[in-house]
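Participant: This structure is in structure tokens; I'll ask about it shortly.
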Amino acid sequence: MSIRACILASCDNAPYLAQAIASAQAQSLPFEVIVVADDASTDGSRDLIRSRAAEDKRIRPILRERRLGPGANRDLAIRDTKSDWIVTLDGDDVMPAGKHAAEWAAVAPFAGRAPAIGFSDVALTDAWGAETGRWSLSLYGALDRAERSGWFARRTAPIPRDLLLPKALYLEAGGFAHDLPLYEDWDFKLRLSALAAVWRHSGMIGTRYRRQGGGLSDAPPGVHERWQAEVRARNRALFGAEVPA
């Protein structure tokens, strides 16, 4: 039997964290494990995590004593789990109740035969949860490895998030970098997209992605440019001309 875990990474997300955890708990195909990795929050999140863990034995808290950053917090939580498959979620986002079931149905025919990745559309929401847009991502399921790598490298379309994938494939791709304060997700998926794997779309919205402001993504443009350039430099050997200087 495959054991599947949701790895929920959070840092000072107290206003939204209860909803994020509840959405992982409410999946129509339940996760066997829900890891909640808190990156040294100071806003009361840790008390909430302890309370939820006391109520649901599937919830495994990881409470960092010092702040590691988003890449390290998530990566170490994934490496620590004994689960065969992983799904990620941020502490201020929500997964619709059918996400896990739909993605598992998409990849299950390949389990044991070929590495497979399940992914879904993304609904963009504001801080209050009102929908503001949608990333329709089914095109990635129709692209071969070289085409998909090119799309990811050019970043001319949104990149899928909160994938369902085998932990072994995550480790083969190298996991999330610990030293990137921004674009660690892009960096990881550049490496992941270069591996031989079947990508399958679930046919539904899988993440309600909350754009609340005030986070790392609101850093000045120069900071974004610096870390984008760093990710391109790290991955130029993989994609050559597909990763512009």
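Participant: Can you grab the distance from the C-alpha centre of the stretch 127-162 to the C-alpha centre of the stretch 49-102, Å, no decimals?
Facilitator: 23
Participant: If you stretched the chain out fully between Ala114 and Glu225, how much longer would it get, using 0.36 nm times the residue separation minus the C-alpha to C-alpha distance?
Facilitator: Details: separation 111, 0.36 × 111 = 39.96 nm, distance 3.67 nm.
Gain in length upon complete extension: 36.3 nm.
Participant: Just to make sure I understand: if all protein chains stay in place, what is the order of Cys6, Cys11 by accessible area at 1.4 Å, largest first?
Facilitator: Sorted descending by solvent-accessible area, the residues read Cys11, Cys6.
Participant: What is the distance, in nm, between label points placed 7 Å from the Cα along the Cα-to-Cβ direction at Ala54 and at Glu147?
Facilitator: Using points 7 Å along Cα→Cβ, the separation is 5.3 nm.
Participant: Another question, then. Leaving out ligands and nucleic acids, and using a 1.4 Å probe, what accessible area per residue does the stretch 137-181 come to in Å²?
Facilitator: Heavy-atom accessible area per residue stands at 41 Å².
Participant: Which of the aspartates and glutamates could a cross-linker bridge to Lys57, judged by Cα under 12 Å and excluding same-chain residues fewer than eight apart?
Facilitator: Candidates past the 8-residue exclusion: Glu32.
Participant: Further question on the same structure: Could you give the alpha-carbon Rg of the stretch 1-102 over 2.2 N^0.38 Å, rounded to two decimals?
Facilitator: Values: Rg = 12.4 Å, N = 102, 2.2 N^0.38 = 12.8 Å.
Against the empirical 2.2 N^0.38 Å value, I get 0.97 for the stretch 1-102.
Participant: Keeping every protein chain present and rolling a 1.4 Å probe, give me the accessible area per residue for the stretch 23-78 in Å².
Facilitator: Values: 2550 Å² over 56 residues.
About 45 Å² of surface per residue is accessible.
Participant: With the crude spin-label approximation of a point 7 Å out along Cα→Cβ, what separation in nm comes out for Ala105 versus Ser136?
Facilitator: Here the answer is 2.1 nm between the modelled labels.
Participant: Considering only DSSP beta bridges whose two residues both sit in the chain, what percent are antiparallel, to the nearest 5?
Facilitator: Of all bridge pairs located within the chain, approximately 25 percent are antiparallel.
Participant: May I have the convex hull volume per residue, in Å³, for the Cα set of the stretch 46-137?
Facilitator: Per residue, the Cα convex hull of the stretch 46-137 comes to 157 Å³.
Participant: While we're looking at this one, here's another question. Pull out the extension gain between Gln19 and Arg234, defined as 0.36 nm times the separation in residues minus the alpha carbon to alpha carbon distance; nm, one decimal.
Facilitator: On the way: separation 215, 0.36 × 215 = 77.40 nm, distance 3.57 nm.
My answer for the length gained is 73.8 nm.
Participant: Quote to one decimal, in nm, the extra length available between Ala157 and Asp80 on full extension: 0.36 nm per residue of separation minus the C-alpha distance between them. Don't skip to the answer; put the middle values down first.
Facilitator: Details: separation 77, 0.36 × 77 = 27.72 nm, distance 3.21 nm.
Separation in residues times 0.36 nm, less the Cα-Cα distance, equals 24.5 nm.
Participant: Another question, then. When the scattering of the chain is computed by the Debye formula from its Cα atoms alone, each counted once and equally, what is log10 I(q)/I(0) at q = 0.14, 0.17 Å⁻¹?
Facilitator: For the chain, the Cα-only Debye profile gives -0.93, -1.44.
The values are calculated or read from the model by the stated rules, or taken from the named source; none is laboratory data. Since the model is a prediction, treat every value here as computed from it, not as a measurement. FYI the Cβ positions are ideal-geometry reconstructions off the backbone, even for glycines, and counts take in every protein chain you see. These accessible areas exclude ligands, DNA and RNA; they are computed on the full protein's heavy atoms, side chains included. Shrake-Rupley method; radii C 1.70, N 1.55, O 1.52, S 1.80 Å.
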